[in-house]
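The values are calculated or read from the model by the stated rules, or taken from the named source; none is laboratory data. It should be emphasised that the depicted structure is a prediction, and the values quoted were computed from it without experimental measurement. Cβ placement follows ideal geometry from the backbone for every residue including glycine, while neighbour counts extend to all protein chains displayed. Calculation scope for accessible area: heavy atoms of the full protein, side chains included, ligands and nucleic acids excluded. Shrake-Rupley method; radii C 1.70, N 1.55, O 1.52, S 1.80 Å.
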Amino acid sequence: MSTIKTTPDAAGARRAVAVIGGGPAGMRAAAAAAKLGAAVTLFEKNKILGKKLRITGKGRCNVTNDCQLNEFMANIPANSRFLWSALSRFSPENTKELFESLGVPLKTERGKRVFPVSDLAGDVAGAMIKDCRASGAIILQEKVLSLDIEDGSIKGITTEKGSYIFDSVIVSTGGLSYPLTGSDGDGYKFARAAGHRVTELEPSLVPIVCEGSICAELQGLSLKNVSLAIEQCASGKTVFLDFGEMLFTHFGISGPMILSASAHIPDIKPGVYEAKIDLKPALDEATLDARLLTDFGKYANRNFENALDDLLPQKLIPVIVGLSGIDPYKKVNSITREERRRLAGQLKGLRIKLRGFRPVEEAIITRGGVDVKEINPKTMESKIVKGLYFAGEVLDVDGYTGGFNLQIAFSTGTLAGESAANRE
Ligand SMILES: Cc1cc2nc3c(=O)[nH]c(=O)nc-3n(C[C@H](O)[C@H](O)[C@H](O)COP(=O)(O)OP(=O)(O)OC[C@H]3O[C@@H](n4cnc5c(N)ncnc54)[C@H](O)[C@@H]3O)c2cc1C
């Protein structure tokens with residue numbers, strides 16, 4: 001292996017900074033450090049930078065959430081206080097200014113979610129790459145194999161092509177989710193080898209596996225404008241409540257509302273939680289009963305199983321008919337008030353028991369990571385190894401859906417990059 005000395009530069013005055021991982025955290029760190037005059041080299045094992053960034057927000061990239069810091073903190077389930085300095089240094093407002101200045105106009109949608117006007121995540125990735133290059137960062141396509149540490153200080157890194165000497169190293173290798181995008185857990189190995197604790201790694205913002213056969217029967221059915229409650233079976237306590245869109249799959253439930261719900265379920269185990277879906281949230285019980293009477297009047301001579309066409313998508317009808325306990329062949333005009341009440345109960349509260357989460361590889365983000373107690377929140381520097389910094393999803397911080405996770409990457413990346421460049 002050849003050793004390439006990259007620090008200090010000819011003038012001897014520039015800090016040599018390595019950034020490992022060219023995702024949103026790494027690209028932001030590289031640009032921020034280079035803008036402060038550091039000699040920055042960004043190492044990315046993929047041919048292209050920002051592979052995951054390009055598929056975010058269903059290809060539209062929800063870059064941030066246009067909210068104040070207190071509201072932001074409320075969307076970070078654990079370790080939110082650790083992020084205070086990073087978010088104060090580089091806020092959602094700063095993210096908006098950055099992309100506008102890089103020629104990516106933005107728009108704000110429902111829930112303060114910010115997207116590029118073009119609806120193209122590729123525009124966001126392209127602008128970040130341009131920013132890195134324009135700031136003077138060098139980009140190398142090399143997989144980093146290990147950190148080189150001596151006497152509690154970072155000395156450099158070793159890649160598949162050789163060893164490099166650096167003053168500072170920023171680890172921004174992402175989490176474990178969607179490993180085909182490149183984030184397959186190397187950063188956790190680097191952290192452990194450096195003496196850091198890595199907290200339990202779990203999926204978050206992830207589809208949910210359910211008990212029973214209902215989901216498989218409804219596979220492919222997407223529901224819009226339904227309300228969802230996740231309840232603890234034993235106590236009936238609601239841990240999540242929302243209104244929106246969901247999808248049935250062969251294993252259970254998915255879709256935007258389900259991914260959000262998963263982040264609010266603390267300790268999922270078979271039979272502990274159930275989803276309660278209100279299929280008619282706009283109708284209270286009296287209005288729903290009036291609606292049933294109207295439909296049953298219209299289809300008075302039909303069998304019950306053929307009388308719900310105006311009320312429900314076709315796939316749902318046999319499931320709801322089965323759960324209602326009403327004979328499917330009963331003539332609608334002989335259905336009793338009590339039977340109607342039972343039917344309305346199913347429509348306002350379709351219950352499905354949850355079994356567990358899909359694996360972390362299918363999650364939007366990884367919960368857990370490098371223990372933030374061992375990281376200085378004002379700089380992102382390791383408290384164990386001098387000159388070693390962490391940024392982005394590799395850290396034990398994660399947010400709900402809505403642009404919070406990319407903002408965490410941008411904020412921690414900026415702070416790590418600037419701190420590494422300014423290191424005494
Ligand atoms: C499908 C999907 C949609 C999402 N949509 C949104 C959204 O709309 N809004 C939002 O806020 N968040 C979204 N997220 C989450 C968001 O993408 C991540 O939180 C974010 O990408 C984390 O950034 P990062 O830079 O820390 O890590 P990553 O983006 O994972 O980047 C890490 C990089 O490090 C590289 N790397 C890893 N190991 C090495 C190594 N040994 N050597 C060299 N390079 C290495 C990887 O190849 C990768 O390019 C989404 C996630 C997914 C999976």
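Things to note:
- With respect to the conditions (1) in contact with a helix residue (DSSP H, G or I) (Cβ under 6 Å, 6 or more places away or on another chain); (2) among the hydrophobic types (A, V, I, L, M, F, W, C); (3) assigned to a helix (DSSP H, G or I), V104 lacks only one, and its number is (3).
- Scope region 172-190; condition within 15 Å of the chain's Cα centre (by Cα) and farther than 22 Å from M380 by Cα; matching residues: S177, Y178, P179, T181
- Looking across region 26-49, the residues that are surrounded by 23 or more Cβ atoms within 10 Å (Cβ to Cβ), within 7 Å of the ligand (Cβ to nearest atom) and not in a helix (DSSP H, G or I) come down to F43, E44, L49.
So that you can scan it fast, the table gives a plain yes or no per residue for (1) open to solvent by less than 10 Å² (accessible area, probe 1.4 Å); (2) touching a helix residue (DSSP H, G or I) at 6+ places or on another chain (Cβ under 9 Å):
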{"residue": "I139", "(1), (2)": "no, yes"}
{"residue": "D148", "(1), (2)": "no, no"}
{"residue": "S153", "(1), (2)": "no, no"}
{"residue": "E160", "(1), (2)": "no, no"}
{"residue": "D167", "(1), (2)": "no, yes"}
{"residue": "S177", "(1), (2)": "yes, yes"}
{"residue": "G182", "(1), (2)": "no, no"}
{"residue": "A191", "(1), (2)": "yes, yes"}
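- G220 meets the conditions (1) in a loop (DSSP other than H, G, I, E, B); (2) open to solvent by less than 50 Å² (accessible area, probe 1.4 Å); (3) touching a residue at least 40 places away in the same chain (Cβ under 8 Å) in every case but one. The failed one is (2).
Yes/no per residue for (1) open to solvent by 60 Å² or more (accessible area, probe 1.4 Å); (2) modelled with pLDDT under 95:
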residue	(1), (2)
I258	no, no
D267	yes, yes
K280	no, no
L283	no, no
T287	yes, no
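- One residue stands out in region 193-217 among those that are open to solvent by 60 Å² or more (accessible area, probe 1.4 Å) and acidic (D, E): the one that is farthest from S172 (Cα to Cα), namely E217.
- Enumeration of residues in region 129-171 that are part of a strand (DSSP E or B) and not aliphatic (A, V, I, L, M): S146, D148, E150, S153, K155, G156, T158, T159, G162, S163, Y164, S168
- Within region 56-79, the residues that satisfy the criterion of being of a type in the set (V, I, T) and either open to solvent by less than 20 Å² (accessible area, probe 1.4 Å) or farther than 22 Å from G368 by Cα (or both) are V63, T64, I76.
- Filtered by the rule that a residue be touching an Asp or Glu at 6+ places or on another chain (Cβ under 8 Å) and under 15 Å from I76 (Cα atoms), region 363-402 gives I365, T366, R367, G368, G369, V372, D396.
- Residue in region 370-413 that is nearest to the ligand (Cβ to nearest atom), counting only those that are among the charged types (D, E, K, R) and closer than 15 Å to A25 by Cα: E393
- Among the residues of region 384-424, those identified as closer than 17 Å to V19 by Cβ and of a type in the set (D, E) are E393, E418.
- Counted as qualifying within region 344-422 are the strands (runs of 3 or more DSSP E) with 3 or more residues that are open to solvent by 10 Å² or more (accessible area, probe 1.4 Å) and touching a residue at least 40 places away in the same chain (Cβ under 8 Å), namely 350-357.
- Matching residues, region 89-101, being within 15 Å of the ligand (Cβ to nearest atom) and in contact with a strand residue (DSSP E or B) (Cβ under 7 Å, 6 or more places away or on another chain): P92, T95, K96, F99
- When region 102-137 is limited to residues that are β-branched (V, I, T) and open to solvent by 40 Å² or more (accessible area, probe 1.4 Å), the one that is nearest to the ligand (Cβ to nearest atom) turns out to be T108.
- Meets criteria (among the small types (G, A, S), out of contact with any Ser or Thr (no Cβ under 7 Å at 6 or more places or on another chain), within 14 Å of the ligand (Cβ to nearest atom) and part of a helix (DSSP H, G or I)) for G57: yes
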